[in-house]
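Down below is the structure, laid out as structure tokens.
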Amino acid sequence: MSIRGSLDFVTTEHASGWAFSPDSPDSIFVQAVLNGEIIGEGVADIFRDDLAAAGFGDGECGYTIQFNRHIDPLFLSFIAVRPDGGDAELPRWTPTGLVEFFSMFHRSHPAAGRHRSVFGGLWSHRIDAAAVLDGKLEIGQVTTDEATALGGLVRDGLTVVEDVAELPATADADEETIDQVLRGPLLRLLQLVLDDQPVVLKAEIANTTRPLAQPSTEMELPSPAECLLVVVPLGGAPVHVDALRQGHLLPEFNRDGVSRWVRPGVAAITEAADLENHGLLDRHAVPPGTAAIVDPGLLHALRYEGQARALRLLVVPTRGMPARLLQDPARQEAVTSQNVHVWL
């Protein structure tokens, strides 16, 4: 027996639609099912003008199934209606699936794990990052000191790591210098944030203050939000990171300061003086023997006083390394003593 029909509408209390068989004079008995459990039954015998006009018998083939219990909205996408005694499900009039499920899930549980960025991101970029960090501390995946440092990254978009090799003022952005830096506490924290072994895609010595920008705009990446900037002072002078307070919670901007996912034309503030005048600028000192880890979305600028210089490293997880680097003859790969791949 052939049966035509659909599931048109589902709520937490009932489901409605229609079912018709040209091979049977009787109305179709239908059941609502959730994960193999029958949650309601009914007969498709309700008159509907649209079905009569479409030529489905006399139009008396609509149904409404009252559920025998209240259904959690999270499970509405998984409710099916099928004719009694059969396994075939009536198709939904409107497609539903994972999109609807997650939409309802986050409506019901707004604090559940999501990334602030539509581009993905690190675990530190999740709206429940503080809870994730607490869980890692509780199960012993991170130490108390590591949790303190990571908490700064989650809270402020920046954290300063101690016990980093002090570099001379004459250091170059080469494999040997990078090898001295990416070890010990700094390497450990990068591994924790990335959930992966870091890869260095860009290394440079800098001593010139530039406009506020985000690390995610340093270069074209497969996932712009999956990167970190590492800043290491050279010589005996500190380097200062001037950052927009809570700026890491803003959308990502392109290199011209225009938002990549808000309406076109929304530009980032690029002058530190404007922020300072409004009390929105946080200044972080990075003394010799330490390093700053900067969140991919933090609007920031590096400030150098006197002869201060810094080593800047753009770091991504191994999973996020652009494949085009393998085909770039201008790039050379090196591997540090701690098995960190460096592309220079």
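Taking the criterion of being out of contact with any Ser or Thr (no Cβ under 6 Å at 6 or more places or on another chain) and surrounded by 18 or more Cβ atoms within 10 Å (Cβ to Cβ), the residues of region 239-259 that qualify are VAL239, HIS240, VAL241, ASP242, ALA243, LEU244, GLY247, HIS248, LEU250.
Among the residues making up region 70-88, those that are in a strand (DSSP E or B) and either more than 33 Å from the chain's Cα centre (by Cα) or not small (Gly, Ala, Ser) (or both) are ILE79, VAL81, ARG82, PRO83.
Is it the case that region 17-31 has a residue that's farther than 21 Å from SER2 by Cβ and either modelled with pLDDT of 90 or more or assigned to a loop (DSSP other than H, G, I, E, B) (or both)?
No; the residues of region 17-31 include none that is farther than 21 Å from SER2 by Cβ and either modelled with pLDDT of 90 or more or assigned to a loop (DSSP other than H, G, I, E, B) (or both).
Scanning region 232-257 for residues that are touching a helix residue (DSSP H, G or I) at 6+ places or on another chain (Cβ under 8 Å) and of a type in the set (Asp, Glu) yields ASP242, GLU252. If the condition is being under 35 Å from the mean Cα position of the chain (by Cα) and either closer than 13 Å to PHE67 by Cβ or of a type in the set (Lys, Arg) (or both), then region 15-36 contributes ALA15, VAL33, LEU34.
Listed by first and then second residue, the pairs with beta-carbon distance under 7 Å, at least 6 apart or on different chains, first residue in region 174-187 and polar (S, T, N, Q), second modelled with pLDDT of 95 or more, are THR177/LEU311. The sole residue among LEU234, LEU221, LEU228 that is crowded, with 22+ Cβ neighbours inside 10 Å, out of contact with any Lys or Arg (no Cβ under 8 Å at 6 or more places or on another chain) and not polar (S, T, N, Q) is LEU228. The requirement of being in the same structural domain as ILE79 (by TED's automatic domain parsing), surrounded by 14 or more Cβ atoms within 10 Å (Cβ to Cβ), aliphatic (A, V, I, L, M) and within 15 Å of ASP84 (Cβ to Cβ) is not satisfied by ALA52.
Please find, within region 244-294, the residue that is nearest to ARG309 (Cα to Cα) out of those that are part of a loop (DSSP other than H, G, I, E, B) and polar (S, T, N, Q).
THR290
The values are calculated or read from the model by the stated rules, or taken from the named source; none is laboratory data. Note that the structure is a prediction, hence the values are computed from the model and not measured. Cβ sites come from the backbone with ideal geometry, for glycine too, and all protein chains shown count toward neighbours.
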